[in-house]
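Okay, structure first, notes after.
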Amino acid sequence: MLYQPSPDRYSKMEYRQCGKSGLKLSALSLGLWHNFGHVNDFDNSRNLIKTAFDHGITHFDLANNYGPPPGSAEENFGKILAQDFKSYRDQMIISTKAGYTMWEGPYGDWGSKKYLVASLDQSLKRMKLDYADIFYHHRPDPATPLEETMNALDLIVRQGKALYVGLSNYRPAEAAQAIQILKELGTPCLIHQPKYSMFERWVEDGLLDLLANEGIGCIPFSPLAQGLLTDKYLHGVPADSRVATSGVFLNATHLTDERISKVAELNAVAEQRGQKLAQMALAWLLRDQRITSVLIGSSKPEQIVDSIKALDNTTFSEDELQTINTILK
Ligand code: NDP
């Protein structure tokens, strides 16, 4: 049956201006790092995209290497787009990246112009797209001059293969340099994608101020610390959780007693606010207007619906913020 998106999807979501650009992003974006590879159930992946879009999420975040196997998330997303979203391409923002290992030999990794240009060509073929909305350099490359990498991003925009460019995992000093080079090239940096959550706060030490001063958006990834900032691990490891099923990026060693007791304390604060912990963790990021969107992952459609309810309350009292800071110390 032909997919018909929910007609009231845009009234359910908040849209935030991405820095000083003209582009607005949904306050929650969906990432395809996990749950979209060839190893995953395709119908579930398809339902995740539909559920997100039905609830006003317009921004979908990919990378060349998402899967497994690498590339398969883009392939599956391309299939879903062709099956269900043909008429909705202009209502979607689709991002992809290059910067981590993608193919063998010296041209399939890091930040050379050769790698970035070739990788985006491959990504577009896998997704069956003419262009990406946002193309990111996924991580800084100490061995390639920043000018070359930024030049590649500029070229890609001039070729019409991406509309905007972004940086990911750049620390403040290298981000500042890259932003300056892009400005001089006439292709301004749109957005920065750092790891940021209650458990990982390095961006508060200079990056957020830099981005605000430069008029650049910020989209934190792993805002739930891959699921740790939910109530799911309070009483053991559920069989369908990332700790049980992935093991690579998140495993039982991350579930220390100290961490679980912090999660329990945060969970109590969330309960007092009338939220689930996952909702409070997202709201805590979104309370800051410098955050354009939070980039969630989901293994089940219900999690998306659950997480969007974070938007019902993104205001925190001074007391609540202080209590949270004390717990996180
Ligand atoms: P999160 O921190 O949001 O973790 C997502 C996981 O948490 C889900 O897969 C699910 O895991 C669990 N979860 C999500 N919502 C709920 C809920 N409401 N209740 C209970 N559990 C929930 O983000 P990710 O780590 O997945 O990262 C998000 C995106 O960020 C990626 O898809 C990718 O696009 C991007 N990213 C970018 C990186 C970069 O270097 N630029 C690096 C990493 C990610 P479970 O399996 O346990 O159900």
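The values are calculated or read from the model by the stated rules, or taken from the named source; none is laboratory data. All values reported here derive from a predicted model rather than from experimental measurement. No Cβ is skipped: glycine too gets one built from the backbone with ideal geometry, and neighbour counts run over all protein chains shown.
Does LEU250 meet the test of being of a type in the set (A, V, I, L, M, F, W, C) and near the ligand (Cβ under 9 Å from one of its atoms)? Step through it out loud before you land on a result.
Numbers: of a type in the set (A, V, I, L, M, F, W, C): yes; near the ligand (Cβ under 9 Å from one of its atoms): yes.
So LEU250 fits the description; yes.
With the condition being of a type in the set (S, T, N, Q) and either surrounded by fewer than 24 Cβ atoms within 10 Å (Cβ to Cβ) or under 14 Å from the mean Cα position of the chain (by Cα) (or both), I'd like the strands (runs of 3 or more DSSP E) fully within region 19-84 carrying at least 1 qualifying residues. I'd like the intermediate steps shown before the answer.
On the way: elements: 24-26, 28-31, 59-61.
The qualifying strands (runs of 3 or more DSSP E) are 24-26, 28-31.
Among the residues making up region 141-165, those that are of a type in the set (D, E, K, R) and within 21 Å of the chain's Cα centre (by Cα) are ASP141, LYS161. Scanning for something closer than 21 Å to ALA98 by Cα and either modelled with pLDDT under 95 or in a strand (DSSP E or B) (or both), does region 195-208 turn up at least one residue? Scanning region 195-208, I find at least one residue that is closer than 21 Å to ALA98 by Cα and either modelled with pLDDT under 95 or in a strand (DSSP E or B) (or both), so the answer is yes. The residues of region 179-190 that are surrounded by fewer than 22 Cβ atoms within 10 Å (Cβ to Cβ) and either in contact (Cβ under 8 Å) with a residue 40 or more places away in the chain or within 15 Å of the ligand (Cβ to nearest atom) (or both) amount to a single one, PRO188. Residues in region 70-93 that are within 16 Å of the ligand (Cβ to nearest atom) and free of Cβ contacts under 8 Å to residues at least 40 places away in the same chain: 3 in all.
Here VAL157 fulfils each of the conditions (1) buried (at least 16 other Cβ atoms within 10 Å of the Cβ); (2) part of a helix (DSSP H, G or I); (3) in contact with a helix residue (DSSP H, G or I) (Cβ under 7 Å, 6 or more places away or on another chain) apart from (3).
For the condition surrounded by fewer than 17 Cβ atoms within 10 Å (Cβ to Cβ), modelled with pLDDT of 95 or more and near the ligand (Cβ under 8 Å from one of its atoms), what is the one hit in ASP240, ASP231?
On the way: ASP240 fails: modelled with pLDDT of 95 or more.
That would be ASP231, the only listed residue that is surrounded by fewer than 17 Cβ atoms within 10 Å (Cβ to Cβ), modelled with pLDDT of 95 or more and near the ligand (Cβ under 8 Å from one of its atoms).
Within region 271-286, residues that are under 19 Å from ARG16 (Cβ atoms) reach partners that are part of a helix (DSSP H, G or I) and charged (D, E, K, R) with beta carbons closer than 8 Å, at six or more positions or on different chains, in the pairs GLN279/ASP306; GLN279/LYS309; GLN279/ASP312.
Determine whether region 191-202 contains at least one residue that is surrounded by fewer than 14 Cβ atoms within 10 Å (Cβ to Cβ) and among the basic types (Lys, Arg). Checked region 191-202: at least one residue is surrounded by fewer than 14 Cβ atoms within 10 Å (Cβ to Cβ) and among the basic types (Lys, Arg).
Hydrophobic (A, V, I, L, M, F, W, C), closer than 29 Å to PRO172 by Cα and within 23 Å of the chain's Cα centre (by Cα): does that describe LEU229?
Working: hydrophobic (A, V, I, L, M, F, W, C): yes; closer than 29 Å to PRO172 by Cα: yes; within 23 Å of the chain's Cα centre (by Cα): yes.
So LEU229 passes the test.
Restricting region 219-228 to residues that are touching a residue at least 60 places away in the same chain (Cβ under 8 Å) and of a type in the set (A, V, I, L, M, F, W, C) leaves a set whose member that is farthest from the ligand (Cβ to nearest atom) is ILE219.
Okay, residues lined up against (1) within 9 Å of the ligand (Cβ to nearest atom); (2) under 23 Å from the mean Cα position of the chain (by Cα):
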position	(1), (2)
THR256	no, no
LYS300	yes, yes
VAL305	yes, yes
THR315	no, yes
GLU318	no, no
ASN325	no, no
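Based on this model, can you work out whether SER168 counts as crowded, with 17+ Cβ neighbours inside 10 Å and either more than 15 Å from the chain's Cα centre (by Cα) or farther than 30 Å from VAL263 by Cα (or both)? I'd like the intermediate steps shown before the answer.
Details: crowded, with 17+ Cβ neighbours inside 10 Å: yes; either more than 15 Å from the chain's Cα centre (by Cα) or farther than 30 Å from VAL263 by Cα (or both): no.
The answer is no for SER168.
Of all residues in region 90-112, those that are at negative phi and surrounded by 13 or more Cβ atoms within 10 Å (Cβ to Cβ) total 15.
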